Amino acid sequence: MMFLVAIIAVVVTMLLILVRALLGPTVYDRILAINLFGTKTVLFVAVLGFLNGRPEFLDLGLIYALINFIGTVTVLKFMQYGDLGWEAASKEKPDV
Amino acid sequence: MRYLLGLIIGAATLWLLLSGVYKPIVLGLGGFSVLFCAYVCHRMGIVDRESVPLHLLARVPLYALWLGGEIAKSNWDVAKRIVLPGRRISPTIVRLRAHQSSELGQAVFANSITLTPGTVTVALRSGDAIVHAITADNATDMEGGDMDQRVRRLERPFGAPARREASQ
Amino acid sequence: MNALIDTASWILLAGGALLSVIGGIGMLRMPDFYTRMHAASVTDTGGMILMLAGLMLQAGLTLVTAKLVFVMLFLLITSPTATHALARAALEDGIEPQVDHDKR
């Protein structure tokens, strides 16, 4: 019962965040929303594991948390330099 | 050497807690991966005081407790500002001086600021942190320098006397 | 004793759910990008910590709790880093925050 309430709250939050991701207006609003969506997914997976009585799902959540972070930073780096390769190192600006 | 040992012990603990399967062959594979990772890190030359901050270990629990309290307080504050009707925010940007002596200390300081809702470190340049706060009160609190003091105490090596310069 | 732990975990989960939804509302209500980051911070720290703490009470002293602790630690380290990178990228891109007081 309590897991169900928690999971509904997480889904509602995800929907609110998706609205922000669609509205924008700047690209950074969208990245912020998607990053937040990722952490909500981790919570969703964790609570879902408990709801189904299979807490092994947490491993997926753990990996998702790491990939989400790497993904966000990668997108930001791409936004800033327009490149993911070594080109960035030769420019004056520091890394993200 | 002690940093390498610390890295190996830390990685082994992480592996043991995450695995949960304790058969000889799996344990052997785990041990191999831990040692291999330590070897690669050693070869890359990234095993040092900064990447394995053993000297922080003893003081981190107390700091984490204090930071948890701050996070709880500011969560409550920001949540109220979101829910209650009317405009209850007064966004402010301030420049704070990060007095930490190491880059690690400055990073901990900047991340602690960002972690508490209501304040975000926008930039950290040559010891100056540009902080965006959701209200003018939050900004004034940050200018009080309490967090700066505490992070400085956190990074202080053991046995060193407490430095108490006034912070602005 | 069991009922007590159950109640405590219920309260934590409910609190986490509430903070999470409040942060979502804040994402829609706040006027500009930088203030939205503060709202995001509420779901990212408060909601996440309370919810995972509630789950930890449910799991008891097992490996599951250890994993929950690791999830929490990873999120607590990565989320401010990502937020900071985002804020810096936005500022460098020339998105000026709407502020009442600018004391840079």
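Which of the residues spanning the stretch B:26-49 are farther than 16 Å from residue B:1 by Cβ and either in a loop (DSSP other than H, G, I, E, B) or modelled with pLDDT of 90 or more (or both)?
Result: B:26, B:27, B:28, B:29, B:30, B:31, B:32, B:33, B:34, B:36, B:37, B:40.
Among the residues of the stretch C:50-77, which ones are under 23 Å from residue A:17 (Cβ atoms) and either facing chain A (nearest Cβ under 7 Å) or open to solvent by less than 20 Å² (accessible area, probe 1.4 Å) (or both)?
C:51, C:52, C:54, C:55, C:68, C:71, C:74, C:75
Quickly run through the stretch C:11-49 and pick out the residues that are surrounded by fewer than 24 Cβ atoms within 10 Å (Cβ to Cβ), aliphatic (A, V, I, L, M) and either more than 10 Å from chain A (Cβ to nearest Cβ) or not in a helix (DSSP H, G or I) (or both).
Within the stretch C:11-49, C:30, C:49 qualify.
Name the residues in the stretch B:105-143 that are open to solvent by 10 Å² or more (accessible area, probe 1.4 Å) and farther than 17 Å from residue B:93 by Cβ, would you?
Those that are open to solvent by 10 Å² or more (accessible area, probe 1.4 Å) and farther than 17 Å from residue B:93 by Cβ: B:106, B:107, B:108, B:111, B:115, B:126.
Which one of these does residue B:67 not meet: (1) surrounded by fewer than 18 Cβ atoms within 10 Å (Cβ to Cβ); (2) facing chain C (nearest Cβ under 10 Å); (3) closer than 24 Å to residue B:123 by Cβ?
(1)
(1) open to solvent by less than 60 Å² (accessible area, probe 1.4 Å); (2) touching a residue at least 40 places away in the same chain (Cβ under 8 Å): which one isn't true of residue A:62, the others all being true?
(2)
How about the stretch B:75-104: which of its residues are among the small types (Gly, Ala, Ser) and crowded, with 20+ Cβ neighbours inside 10 Å?
B:79, B:98
The values are calculated or read from the model by the stated rules, or taken from the named source; none is laboratory data. Just so we're clear, the structure is a prediction, and the values are computed from it rather than from any experiment. Neighbour counts run over all protein chains shown; Cβ positions are idealised from the backbone, glycine included. These area figures cover heavy atoms from the full protein model, side chains too; ligands, DNA and RNA do not enter into them. Shrake-Rupley method; radii C 1.70, N 1.55, O 1.52, S 1.80 Å.
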